[in-house]
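Worksheet: the structure to be examined is printed underneath.
Just so it is clear, none of the values below were taken in a lab; they were calculated from the coordinates. All values reported here derive from a predicted model rather than from experimental measurement. We place every Cβ from the backbone using ideal geometry, glycine too, and count neighbours over all the protein chains shown.
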Amino acid sequence: MLANGIEPVAVVLHSSGAQPELDDAERRLHFKTEYLERCIKQKIEPVKFLESIDLLARQNGISVSTRDSLNGIDDRTWLAHCAPDLLLVAGGWPNLISVETLAIPKLGCINVHPSLLPDYPGTDVHRWQVLHGVPKSGCTVHYMDARFDSGNIIGQRAVHIDPTDCPQTLAAKVADVSAQYVVELMPRIQKAAPACVQSVPQPAKKTSRHLCKPWLWASREFLSIHWKDAAEHIRRFILSCTQESYKYNGPLVRLNDREFIVRRAAYPVKPADGTEVGQIIETTRQGIWVGCGDGNSVCLTQLQPASKEGFPKEPHTALPISDEELAQSGLFQAGMKFQQMDNTSIL
């Protein structure tokens, strides 16, 4: 937006997303170097978003306010003092914004949602899309109303989802087209003023994917891999749980009474040739192939020994075992069978 001559009067950030290690120019450089070195050492894909909206705004002389909400009297007073023509919400705001707040900007409030609405409203959208294996995603720019992600649609842009896209790479794709589209929309919005720009109501959509709920990082039942599931579903579940740090929880398996987090799996899956569900078929330089419930097998390429209590009580600190190291470790051998997970406790 700044590169196209569109300068916000202010930027408001939610307090839950504060990143002091990135919001200071000197600390950011040190953190980025340290993070990339840690990724190499721990064999982690460097998927963390390392930019700072706070820093970018301040470097361009734009006022920044960090708030828990936009619904309080003080919040609305601050917003009214800014006298914005338009409130643009992007990157996710965790609280429902009240209609009293939405009424302050003269040209209304618009949201940039990271899916093609009415599909996938809610949160953790990219994880659910990767898990479900949908072929495309994108962004929807819509007017905001009294409910989450339900207002009239101004426009959309689509992106293709590759079978190896994790939530973070998908988010980057959607962010790119979102930024381009918002810049394209601004002249339309200005031209239509003082009226709202043309928009259409969202079509009715009632499916099991209608509302994306928060990813259940503290639930053993949710995170446990069930080998009776289809191999491709298991692969996508592992991919959808991709994390920026391996201290966090992830997909759980148990072998010989030891628990592991599966951090990566290979694409594509292949036929299992009658192997029992949950049984290791073979270990190769690529990883370990395990039989699944649909007669196919999935190749696990990186596993990390799990801590006993899990994050946040006990972050996972063990180095992951990757690729040919899995065979060399002696922990994973053909004929071994993964055990049923104990799903009764909460991480």
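Dipole magnitude for the chain: about 440 debye, using +1 per Lys or Arg Cβ and -1 per Asp or Glu Cβ, origin at the Cα centre.
Dipole size of the range 3-155 about its Cα centre, with +1 on Lys/Arg Cβ and -1 on Asp/Glu Cβ: approximately 380 debye, rounded to the nearest 20.
Within the straight-line cut-off of under 16 Å between alpha carbons, the lysines reachable from residue 106 are 191, sequence neighbours fewer than 8 places apart in one chain being disregarded. Remark: 252, 55 ranked as 55, 252, counting other beta-carbon atoms within 10 Å and listing the fewest first. Here the chain has an Rg and Dmax of 22.9, 71 Å, counting Cα atoms alone.
Most mobile of 73, 110, 261 per a Gaussian network model of the chain (Cα springs, under 10 Å)? Highest fluctuation among the options: 73. With the helix formula -39500 (n - 2.57) applied to DSSP H stretches of n ≥ 4, the chain reaches a computed 222 nm mean residue ellipticity of -8000 deg cm²/dmol.
What the phi angles of the range 221-229 give under the Karplus curve with 6.51, -1.76 and 1.60, with θ = phi - 60°, is a coupling list of 4, 5, 7, 5, 7, 10, 5, 6, 6 Hz, glycine and proline written as x.
Phi angles of the range 291-308 translate, via the Karplus equation with coefficients 6.51, -1.76, 1.60 and θ = phi - 60°, into HN-Hα couplings of x, 10, x, 9, x, 10, 10, 10, 9, 8, 10, 7, 10, 10, x, 8, 6, 5 Hz per residue; Gly and Pro are given as x.
Fewest-first ordering of 277, 253, 298, 99 by other beta carbons within 10 Å of each residue's beta carbon gives 99, 277, 253, 298.
Neighbour counting of Cβ atoms within 10 Å sorts the residues 176, 145, fewest neighbours leading, into 176, 145.
Projecting the Cα atoms of 31, 2, 66 onto the dipole axis of the range 1-68, where Lys and Arg carry +1 and Asp and Glu carry -1 at the beta carbon, places 31 farthest toward the positive end. For residue 116, the residues whose modelled amide H falls within less than 5 Å of its own, excluding neighbours fewer than 5 places apart on the same chain, are 138. In this structure the amide hydrogen of residue 306, modeled in the peptide plane, comes within under 5 Å of the amide hydrogens of 259, 260, 261, none closer than 5 places in sequence on its chain.
Ordering 163, 192, 267 by the projection of their Cα atoms onto the charge dipole of the chain, which places +1 on the Cβ of Lys and Arg and -1 on the Cβ of Asp and Glu, puts 192 at the extreme positive end.
Working note: Karplus 6.51/-1.76/1.60 with θ = phi - 60° gives the range 261-266 the couplings 9, 7, 8, 8, 9, 8 Hz, where Gly and Pro are set to x. Placing +1 on the Cβ of every Lys and Arg and -1 on the Cβ of every Asp and Glu, with no other charges, gives the range 224-347 a dipole of roughly 180 debye about its Cα centre.
Of all lysines in the structure, the ones whose alpha carbon falls short of 19 Å from that of residue 270, not counting any fewer than 8 places away in one chain, are 228, 337.
Cross-link partners for residue 136 among the lysines, with Cα-Cα distance under 20 Å and sequence neighbours closer than 8 places in the same chain left out: 173, 205, 206, 213.
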